[in-house]
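Undergrad: Below you will find the structure I want to go over with you.
The values are calculated or read from the model by the stated rules, or taken from the named source; none is laboratory data. Keep in mind the model is a prediction, meaning the values are calculated, not measured. Backbone-built Cβ (ideal geometry, glycine too); neighbour counts: all protein chains shown. With ligands, DNA and RNA removed, areas are computed over all heavy atoms of the protein, side chains included. Shrake-Rupley method; radii C 1.70, N 1.55, O 1.52, S 1.80 Å.
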Amino acid sequence: MSELNKIALKILEKGKGILAADESTATMTKRLSGVNVPSTPENRLIFRETLFSATGMTECIGGVILYDETIKQESSKKKKIPELISQMGSAPGIKVDTGAKILAGSPDEKITEGLDGLRERLKEYYNLGAKFTKWRGVYNISKNYPSKLSIESNAHALARYSALVQECDMVPIVEPEVLMDGDHSATDCYQKTSDVIKKCFEQLILHKVDLKGIILKPNMILAGSSSKNKISNQEVAKLTLDCLENSVPSEVPGIAFLSGGQSEIEATENLNLINKLNKTSFIMSYSYGRALQQSALRFWSKDIKNIDGTQKIFNHRAKMNSLAAQGKWSKDLEI
Ligand code: 5MM
């Protein structure tokens, strides 16, 4: 078993998943403003340190994706953040893309940037303790989108990123996110997500990426957020499994879903059903940002000194998702 494969399996072992705490400063500012907390480096750190030092980390969180600012910060106890995360039994990871920008040639779509100088930045992050990395390609659905240009260029970038990350002995999380925004049907989401994922693997293989040493972070198959034709959770689970079974090579050890704007409970319930029905060889887990942090952030914003109360909420959400990653969650476990 390769070292990269071992790292990937360890991150997702025993119902563990990933905490996506890699919001850029702009996104974190949006999240904090939404709960009336000033977005200062100190406040961003206090909230994140509160989660990273919660007991739920040890049992339920196999990896944490950090943002450049956070990986270089020190905790209130003067510990480097990656050290704190490792001490809690979890692996520190880092978002290495520099964001999605307008795609020249198709200005309604995005291309993710960050390849220039990436090899040097990766060495720095490795030396700071990172064991894995993340890069997100983003695609919107409408009649003509995602275009061939967006599908091809984002897949190319994801593959070049992944090859560089493996060269630097870290596990790349490959995140092609087909957005929920819009009134498209679940069938459209299924078709476009399949096209996107298939192209990603075509490029990953071309770039000689070891598929046993990656984690795929896809969206679930859902109807658009403003669609009138929503589908049941059972259908979400079935379509998601079918889509992944037909587009992901079996060498890939694990799939960790993004929550993508689903409510906390919806993201947990869908993951649980996916695991109940899963007949594939893939570990199916979570790499949630909003669906792990929303309630904790709301509670914390009312009293940022209440560390225990905030951690209790985070621990609960982490536990519910860990159960869902094993198909053992049920609604009556929710408080
Ligand atoms: C945590 O949010 C990440 C995006 O941050 P920026 O937009 O600021 O770069 C994002 O990539 C996240 O990791 C995934 O989308 C999963 O998060 P959700 O909230 O969809 O589970």
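Rundown of residues vs (1) of a type in the set (Lys, Arg); (2) more than 22 Å from the chain's Cα centre (by Cα), yes/no style:
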residue: Lys208; (1), (2): yes, yes
residue: Leu216; (1), (2): no, no
residue: Ser226; (1), (2): no, yes
residue: Asn229; (1), (2): no, yes
residue: Asn246; (1), (2): no, no
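Undergrad: Here is a further query. What's the total number of residues in region 236-246 that are of a type outside the set (D, E, K, R) and open to solvent by 10 Å² or more (accessible area, probe 1.4 Å)?
TA: Number of matching residues: 3.
Undergrad: A further question on this structure: Does Phe282 satisfy being at negative phi, within 16 Å of the ligand (Cβ to nearest atom) and modelled with pLDDT of 95 or more?
TA: No.
Undergrad: Just checking: which of the strands (runs of 3 or more DSSP E) contained wholly in region 80-156 hold 1 or more residues that are buried (at least 19 other Cβ atoms within 10 Å of the Cβ)? First the steps, then the outcome.
TA: On the way: elements: 91-95, 100-103, 106-112, 132-139.
Fully inside region 80-156 and qualifying: 91-95, 106-112, 132-139.
Undergrad: Hey, among the residues in region 68-79 that are open to solvent by 60 Å² or more (accessible area, probe 1.4 Å) and in contact (Cβ under 8 Å) with a residue 12 or more places away in the chain, which one's farthest from Glu120 (Cα to Cα)?
TA: If we take residues in region 68-79 being open to solvent by 60 Å² or more (accessible area, probe 1.4 Å) and in contact (Cβ under 8 Å) with a residue 12 or more places away in the chain, then Ser76 is farthest from Glu120 (Cα to Cα).
Undergrad: So, Thr187, is that one among the β-branched types (Val, Ile, Thr) and open to solvent by 60 Å² or more (accessible area, probe 1.4 Å) or not?
TA: It is true that Thr187 is among the β-branched types (Val, Ile, Thr) and open to solvent by 60 Å² or more (accessible area, probe 1.4 Å).
Undergrad: Further question on the same structure: If we scan region 169-176, do we find a residue that is away from the ligand (no atom under 16 Å from the Cβ), farther than 30 Å from Thr240 by Cα, under 22 Å from the mean Cα position of the chain (by Cα) and among the acidic types (Asp, Glu)?
TA: Within region 169-176, one or more residues are away from the ligand (no atom under 16 Å from the Cβ), farther than 30 Å from Thr240 by Cα, under 22 Å from the mean Cα position of the chain (by Cα) and among the acidic types (Asp, Glu).
Undergrad: Let me ask another. Could you go through region 191-204 and let me know if any residue there is more than 19 Å from the chain's Cα centre (by Cα), among the hydroxyl-bearing types (Ser, Thr, Tyr) and away from the ligand (no atom under 16 Å from the Cβ).
TA: There is no residue in region 191-204 that is more than 19 Å from the chain's Cα centre (by Cα), among the hydroxyl-bearing types (Ser, Thr, Tyr) and away from the ligand (no atom under 16 Å from the Cβ).
Undergrad: Still on this model: Does Ser227 meet the test of being surrounded by fewer than 17 Cβ atoms within 10 Å (Cβ to Cβ) and in a loop (DSSP other than H, G, I, E, B)?
TA: Criteria not met by Ser227.
Undergrad: For region 8-65, which fully contained helices (runs of 4 or more DSSP H) count at least 3 residues that are within 14 Å of the ligand (Cβ to nearest atom) and open to solvent by 10 Å² or more (accessible area, probe 1.4 Å)?
TA: 25-34
Undergrad: Of all residues in region 107-144, which are more than 16 Å from the ligand (Cβ to nearest atom) and either free of Cβ contacts under 8 Å to residues at least 12 places away in the same chain or in contact with an Asp or Glu (Cβ under 6 Å, 6 or more places away or on another chain) (or both)?
TA: Correct list: Pro107, Asp116, Gly117, Glu120, Glu124, Asn127, Lys143, Asn144.
Undergrad: Could I ask something else about it? Given the criteria out of contact with any Gly (no Cβ under 7 Å at 6 or more places or on another chain) and at pLDDT 95 or above, does Ile215 qualify?
TA: It is false that Ile215 is out of contact with any Gly (no Cβ under 7 Å at 6 or more places or on another chain) and at pLDDT 95 or above.
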